1. Around B:Asp272, what is the net charge, scoring Lys/Arg as +1 and Asp/Glu as -1 over all other residues with Cβ under 12 Å from its Cβ?
2. Would you mind listing the distances between the B:Asp272 label point and the same position in each other copy? Use 7 Å along Cα-to-C-beta, nm, one decimal, shortest first.
3. What does the charge dipole of the protein assembly as shown about its Cα centre add up to, to the nearest 20 debye, if the Cβ of each Lys and Arg holds +1 and the Cβ of each Asp and Glu holds -1?
4. Once the label point is set 7 Å along the Cα-to-beta-carbon vector, what list of distances in nm do you get between A:Pro324 and its counterparts in the other copies?
5. Counting DSSP beta bridges with both partners in chain A, what percentage is antiparallel, nearest 5?
6. Using a 10 Å cut-off around each Cβ, can you sort B:Ser320, B:Ser268, A:Ser229 from fewest to most neighbouring Cβ atoms?
7. Which whole-angstrom value gives the distance between the alpha carbon centres of the range A:36-66 and the range A:144-213?
8. Suppose R0 equals 25 Å; then what is the FRET efficiency for A:Arg117 and B:Leu323 from their Cβ-Cβ distance, rounded to the nearest 0.05?
There are 2 protein chains.
Amino acid sequence: MRNRPSTLEEVARLSGVSTGTVSRVINNAPHVSKKSREAVQRAIEELGYVPNTAARSLATARRGAVALAISSDDPVLFANQFFAEVISGVNAVIEETDLQLMLVLAASDRGHSRLTRILQSRAADGVMLLALRENDPLSKIADEGQVPVVHGGRSLDRTPQYYVDADNRGGARQAVEYLVSLGRQRIATITGQTDMHVGVNRYLGFREALALAGLADHRISHGDFSEASGAAGMAQLLDEHPDLDAVFVASDAMAAGALKVLRERGRSVPGDVAVVGFNDIVTAQHTHPALTTVRQPIEALGREMTRMLVRLIDGDRPTSLILPTELVVRESA
Amino acid sequence: MRNRPSTLEEVARLSGVSTGTVSRVINNAPHVSKKSREAVQRAIEELGYVPNTAARSLATARRGAVALAISSDDPVLFANQFFAEVISGVNAVIEETDLQLMLVLAASDRGHSRLTRILQSRAADGVMLLALRENDPLSKIADEGQVPVVHGGRSLDRTPQYYVDADNRGGARQAVEYLVSLGRQRIATITGQTDMHVGVNRYLGFREALALAGLADHRISHGDFSEASGAAGMAQLLDEHPDLDAVFVASDAMAAGALKVLRERGRSVPGDVAVVGFNDIVTAQHTHPALTTVRQPIEALGREMTRMLVRLIDGDRPTSLILPTELVVRESA
DNA sequence: GTGAAAGCGCTAACAC
DNA sequence: GTGTTAGCGCTTTCAC
């Protein structure tokens, strides 16, 4: 570790101009002579000067940072890769700005209250809120807070003012329409939690598609997005509707469970039963047969959330976004 | 959004004490009468006062934040789940402190120079550096920087002063010893990049175990940790050493590729050829057959790195750590 | 046990 | 185009 970082005042002294001018150069404001500008730049170089962000924040009342807050410990959303992809998208936009990214995982109560503090205190210039639980008290706090908030995903209880979401309903519709186009007639579904926005909307998409095709939509089992619940759901469906010829499963994890049960019961996929999942997790490529599924634009979600937040911080009024999903056809349907 | 946050001075006014006393209460310093303390707390409550972190940072010369920097875009390490697990571990420790977590993904050049700035400028009180490339210039900058640095993993060119790493060598040895204990005699390996610390050490572990068992160690193919290279490596090994009865593959991704080739060539696993991977990625549970592999303590890595950094910030001199790995036996060996 | 006041390093308004 | 200076909101001596 080296000696103490140098200050703006030292730069001023060395370059023979006032602190005001140095400051102008650093923030490349207009009305600075070429001569001073170069003198300052030389001095900065020589001293290895780096501005003190705390001092700057204090003077400008801007933090120079945004927070990405993940409130829920919901395994489905937090699941590994979703997380990594969102961050990757967020980072891509952040890198173009001078903002820093703070990460706040509100797993414990402590994390929760910490997030509350950030929302109330202007510790960040803006917050992206991901995976809020239904009726999460944070939702209210966010609305009353000091800083702009962008939500990733919606919840059932309230639609946030600024959000980016994937088109879960459209994606589900697309998946089921594909099954219909394959000639399947007796299509079932295993839903996710229907007290969650994603769960409900994928289910609605399912019903919508069947209604449009004039097919029956009573073959339903309710899961919770977990692999185990997918297996259980599939077993139940086979018991209750042995004639089914396709199943739309609201998550890939559940679909993996369903495939296992189908194999055990000797139903061939997609011969006897076609299967479509949702999310396109990595594992979807490695199931047997490989899973046809709906891909969410997760990285884009991160990118768009960040863009939106930056615009809000700049005082703009962006409009919320629903991002399209994409059907990835593999072997299971 | 509400009105302006209140200041410490306002708290002082409302509670009828000096700003000095308010400050003492907030940082619960000794020598404050019960009476003042309570008056202050009441005022804080009433005003909803939250300290301004920038002002505090400026006064104390501490940032109240640490950075987790991921320098490399190395797909192996950045791979989804590794990333999420590290962060989860980091977060667990962070939540116990008053520190904030800044995330710096140095994917682009811009990201890189941004990280350099942080290292040089005390924008964070400490930095955790993950997945540094070999000969990464950052390594040097980190050493010369203003803040304590903890490395996750090592590189070939230099052993950092403070690091936490997984026992790659020991893990590999363990894996191969297990194959030996199964009675396998003609054991091959597909290595990772051997210009990377992990690559080399897993390879060394392989040789060590064979040497100890008095077995030949010439069945080698060099991969790059990718699934494709695993497939190519397996094909090559089968061509050159058709008699092999086991293979230690230095990553699960490569192992997945290898399994595919074995299946295509009609070799049964583990009947004809036993396969062990490394990393225990989620997919390992879903290959056919499910993959026996070496699990790295990734969350612990994040936790221990953070603990170490916090101790460094506090002025302690922690000692570097190598965390044990664990063999996860499934069906492939 | 408490108050007063001098900074921390920067920006921004104002004067020239 | 440039210099001067008053803060930003907090902590921390130093008196008392």
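1. The answer is +3.
2. In nanometres, ordered from closest: 2.9.
3. Magnitude of the dipole: close to 2240 debye.
4. Shortest to longest, the spacings are 5.4 nm.
5. So the antiparallel bridges amount to about 10 percent of the total.
6. Fewest-to-most ranking of B:Ser320, B:Ser268, A:Ser229: B:Ser268, B:Ser320, A:Ser229.
7. Value for the Cα centre distance between the two parts: 47 Å.
8. Working: r = 33 Å, r/R0 = 1.31.
The value I calculate is 0.15.
Computed from the coordinates by the stated procedures, all read-outs in this text should not be read as laboratory data. Bear in mind that the values here come from a model prediction, so they are computed numbers and not experimental data. All Cβ positions, even for glycine, are placed from backbone atoms using ideal geometry, and neighbour counts span all protein chains on display.
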